[in-house]
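The values are calculated or read from the model by the stated rules, or taken from the named source; none is laboratory data. Since we're looking at a predicted model, the values are computed, not measured. Virtual Cβ from ideal backbone geometry, glycine too; neighbours counted across all protein chains shown. When the accessible area is computed, the model is the full protein with side chains, heavy atoms only, and any ligands, DNA or RNA have been set aside. Shrake-Rupley method; radii C 1.70, N 1.55, O 1.52, S 1.80 Å.
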Amino acid sequence: MKRILNKTGLAILTAAAIMVSPTAQMLCPAGTVYADTRQAVIVGAVVNVRSGPSTETSRAGSLTANTSVTVTGQSTESDGYVWYQVSYNGGNGYVRSDFISFPVAYTTDASFEAYLSQQGFPESYKTGLRQLHAKYPNWTFKAYQTGIDWNTAVSKELEGTNSLVDTDSISSWKSTDNGKFDWSTSTWPGFDGATWVAASRDIVAYYMDPRNFLNESYVFQFAVHKFNPNLQNIEGLNEMLKGTFMDKSVSISGNTPSAGSQGSGSGSSGSQTVTIVAAGPAGSSESAASTDAGSASATGFGSEALLDFAAPGEGTGTNDTTVSQAGSDASTVSTEVTVPASGTTQDLQGTSMSYAEIIMEAAQKSQENPYLLASMILQEQGKDGKSASISGASGYYNFFNVGAYAANNMSAVERGLWYASQSGSYNRPWNTIEKSIVGGAEFFAANYLNAGQDTLYLKKWNVQGSNAYKHQYMTNVQGAAEEGAKLGAAYTSDMRSASHEFSIPVYKNMPESACPLPVKDGNPNNKLRSLGLDGFTLTPGFNMDTEQYTLVVDPSVTSVNVHAVPAHSGASVSGGGSISLDGASTTVTITVTAQNGDTRSYTILINRQSGGQTNNGSMYTDVGSSSVSTVNAGSSGGPGTSSGSSSGSTVNNQSTVNIVVAGSGPS
């Protein structure tokens with residue numbers, strides 16, 4: 001299964017919109033015109049402001065979540081969306097209506113206030129919940145008291161590859177921890193391929209903090225996943241699927257073409273048959289991500305995952321709910337999977353059903369919310385559905401990307417299709433679209449709902465149960481929020497007015513206010529590639545991670561020349577050059593300013609020997625030590641090298657040959 005964020009279905013933009021697709025009419029009926037200006041706030045992490053009411057127009061700027069704007073007009077465009085004309089501090093332009101929220105007047109409701117307190121919601125949660133209650137009084141908000149310290153939870157979700165972001169994200173969303181940022185090359189290594197890199201603490205904290213998502217779009221990541229046929233029906237599902245690849249009927253006959261066929265003919269242009277041979281012990285318990293044409297993966301299951309999808313070379317699960325690791329004597333296994341080119345499809349013939357009908361069938365059998373299932377598929381496969389995971393050219397389908405992550409020389413797609421091809425649990429092999437969707441839904445019901453992960457939030461951030469921080473459906477930090485927005489898009493105004501239950505996590509020792517969205521960009525490398533002084537050697541020897549150095553010079557030395565080179569060409573360095581030595585000690589501070597503005601300081605403490613003569617052949621004595629070092633300067637008068645020293649120390653001397661009795665100061 002992918003660590004979602006399908007590049008074709010949802011683009012992570014560094015300073016652009018994080019697009020979700022709530023129905024605009026749900027928020028503002030088409031044709032409505034307001035004579036007066038209104039105050040509103042931005043909904044969405046980073047939202048584009050356009051020069052005109054269309055995504056085809058140029059970007060006039062970007063706004064982050066909860067930014068206040070003034071709506072001055074609106075326009076309904078051919079794309080079906082309402083666009084608001086807005087002004088804000090620093091500019092004006094157009095924002096699509098599904099990224100705008102208008103505050104609702106809240107009249108103090110004593111019973112609701114008492115309920116919030118009884119549930120144990122902190123004060124910082126209540127502002128958002130009051131707004132939601134004012135607009136949707138039938139909604140029920142339950143506090144899920146995790147009992148977990150906030151900082152502990154964030155730290156755990158940063159371990160390994162638990163949390164990833166798209167490599168095109170702004171730099172403050174990406175980690176600079178050891179092993180997750182290469183300071184020598186100023187780049188982020190990929191996990192599961194080059195597309196996914198480690199997330200920063202700040203962006204993990206932002207997406208883990210429920211207070212950032214208590215609005216009518218994103219709150220649905222906390223919706224409890226119960227199937228309620230009174231609220232969830234095929235009409236609403238059809239509305240949700242409009243304009244996507246699932247807005248049609250497909251074959252359910254099982255007469256799939258043989259592996260390798262695609263399109264309406266028998267050729268296999270663009271496909272690749274890969275024979276995977278794997279042997280030996282299981283792969284790493286940490287998952288990895290990979291990117292393929294048409295889909296990106298970002299799923300992770302820890303070694304304690306309650307799942308059985310071990311691929312060749314990874315051991316064989318002893319039952320449907322346990323992974324058993326293979327030992328070093330695991331036998332060699334070979335399997336062959338044909339992976340088609342992106343966008344190819346098969347010729348579907350025979351009995352057909354609409355995607356909506358198939359998803360409703362899956363909901364009835366798994367007792368999961370059908371809108372949730374649809375939002376998961378759209379998040380995994382994208383709006384256009386061009387992923388090789390569901391083209392059918394291999395003869396198999398994996399709509400939810402179960403087990404689809406790169407491991408043991410298998411790409412994410414290859415591994416997912418391998419899993420789909422196996423016989424056994426969850427209606428496999430998934431050789432029809434219907435079997436894949438129904439079987440995938442049953443998989444999630446068995447392995448997530450039954451494990452207490454009954455919201456999108458808990459599927460991503462598993463902060464409950466005995467398997468906390470593991471058994472997580474995705475590693476993409478945006479996954480739960482964006483799937484929640486897609487889920488909320490399925491509900492019309494009438495459907496929203498009905499009763500809905502939301503389970504919202506609360507942690508111990510949370511910050512007083514919601515964690516802010518990091519917005520800083522630019523390369524963060526503020527380290528040096530080299531640091532030195534002409535004619536002298538630093539103690540200790542230079543290392544980019546060592547920030548403090550010392551140097552001892554002869555009293556005759558009155559200045560030194562410091563040179564420093566940053567590790568990244570976009571960084572700047574100050575404090576170097578010619579430094580005068582006016583006293584017994586001089587501290588030189590070299591400051592490196594990274595492209596993103598972060599600074600780091602390196603210091604050199606330079607001590608000048610004092611208390612003796614410096615003439616050639618004379619003895620320099622420093623009280624406090626009986627050790628003797630002979631320092632030879634060489635014929636050119638350059639720095640000397642130590643010989644015959646009982647202490648192994650070296651004293652730099654630019655102009656004379658001296659025998660030095662070393663002091664007890666820095667060496």
Mind listing whichever residues of segment 453-483 are over 21 Å from residue 158 (Cβ atoms) and open to solvent by less than 30 Å² (accessible area, probe 1.4 Å)? 455, 483
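Are there helices (runs of 4 or more DSSP H) fully within segment 129-246 with at least 2 residues that are closer than 30 Å to residue 597 by Cβ and under 17 Å from the mean Cα position of the chain (by Cα)? List them.
Filter on segment 129-246 gives 150-157, 201-208.
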Would you check if residue 115 is part of a helix (DSSP H, G or I), over 28 Å from residue 202 (Cα atoms), in contact with a strand residue (DSSP E or B) (Cβ under 9 Å, 6 or more places away or on another chain) and at pLDDT 95 or above? yes
Does residue 431 meet the test of being closer than 21 Å to residue 362 by Cα and open to solvent by 10 Å² or more (accessible area, probe 1.4 Å)? yes
Check whether at least one residue in segment 450-471 is touching a residue at least 60 places away in the same chain (Cβ under 8 Å) and more than 23 Å from residue 150 (Cα to Cα), and report yes or no. no
Check 141, 181, 191 and return the single one that is modelled with pLDDT under 95, hydrophobic (A, V, I, L, M, F, W, C) and over 30 Å from residue 248 (Cα atoms). 191
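Can you tell me which residue is most open to solvent (accessible area, probe 1.4 Å) among those in segment 407-426 that are at pLDDT 90 or above and over 16 Å from residue 393 (Cβ atoms)?
Checked segment 407-426; the qualifying residue most open to solvent (accessible area, probe 1.4 Å) is 423.
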Is it the case that some residue within segment 486-499 is among the acidic types (Asp, Glu) and touching a Ser or Thr at 6+ places or on another chain (Cβ under 9 Å)? no
Please count how many residues of segment 44-99 are within 25 Å of the chain's Cα centre (by Cα), of a type outside the set (Lys, Arg) and more than 23 Å from residue 489 (Cα to Cα). 1
Mind checking which pairs have a first residue in segment 37-60 that is farther than 14 Å from residue 88 by Cα and touching a residue at least 60 places away in the same chain (Cβ under 8 Å) and a second that is of a type in the set (Asp, Glu) and open to solvent by 40 Å² or more (accessible area, probe 1.4 Å), Cβ under 9 Å, 6 or more apart or different chains? none
Filter segment 47-62 down to residues that are open to solvent by less than 10 Å² (accessible area, probe 1.4 Å) and outside any loop (DSSP other than H, G, I, E, B), then give me how many there are. 2
Residue by residue through segment 530-579, note down the ones that are under 16 Å from residue 601 (Cβ atoms) and either over 44 Å from the mean Cα position of the chain (by Cα) or of a type in the set (D, E, K, R) (or both). 545, 547, 579
Residue 239 being surrounded by fewer than 23 Cβ atoms within 10 Å (Cβ to Cβ) and without any contact (Cβ under 8 Å) to a residue 60 or more places away in the chain: no
Hey, can you tell me all the residues within segment 99-112 that are closer than 27 Å to residue 231 by Cβ and free of Cβ contacts under 8 Å to residues at least 12 places away in the same chain? 111
Return the only residue of 154, 86 being surrounded by fewer than 22 Cβ atoms within 10 Å (Cβ to Cβ) and of a type outside the set (Gly, Ala, Ser). 154
Can you tell me which residues in segment 176-199 are over 14 Å from residue 525 (Cβ atoms) and small (Gly, Ala, Ser)? 179, 190, 193, 194, 198, 199
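Scanning for something of a type in the set (Phe, Trp, Tyr) and out of contact with any helix residue (DSSP H, G or I) (no Cβ under 9 Å at 6 or more places or on another chain), does segment 110-122 turn up at least one residue?
Within segment 110-122, one or more residues are of a type in the set (Phe, Trp, Tyr) and out of contact with any helix residue (DSSP H, G or I) (no Cβ under 9 Å at 6 or more places or on another chain).
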Filtered residues of segment 539-561 (kept if in contact with a strand residue (DSSP E or B) (Cβ under 6 Å, 6 or more places away or on another chain), crowded, with 20+ Cβ neighbours inside 10 Å and not aromatic (Phe, Trp, Tyr)): 551, 552, 553, 560
List pairs: first residue in segment 190-206 and under 25 Å from residue 509 (Cβ atoms) and open to solvent by less than 20 Å² (accessible area, probe 1.4 Å), second residue among the hydrophobic types (A, V, I, L, M, F, W, C) and part of a helix (DSSP H, G or I) anywhere in the structure, Cβ distance under 8 angstrom, at least six positions apart or on different chains. 199/173; 200/173; 203/173; 204/154; 205/154
Which residue out of 165, 197 is closer than 30 Å to residue 566 by Cβ and touching a helix residue (DSSP H, G or I) at 6+ places or on another chain (Cβ under 6 Å)? 165
Restricting segment 457-500 to residues that are part of a loop (DSSP other than H, G, I, E, B) and hydrophobic (A, V, I, L, M, F, W, C), which is nearest to residue 134 (Cα to Cα)? 498
Across segment 364-404, what is the total count of residues that are more than 17 Å from residue 240 (Cα to Cα) and either of a type in the set (Gly, Ala, Ser) or surrounded by fewer than 24 Cβ atoms within 10 Å (Cβ to Cβ) (or both)? 15
Subset of segment 74-90, residues out of contact with any Leu (no Cβ under 7 Å at 6 or more places or on another chain) and either at positive phi or free of Cβ contacts under 8 Å to residues at least 40 places away in the same chain (or both), comes to 75, 77, 78, 79, 80, 83, 85, 87, 89, 90
Among the residues of segment 484-510, how many are closer than 24 Å to residue 119 by Cα and open to solvent by 10 Å² or more (accessible area, probe 1.4 Å)? 10
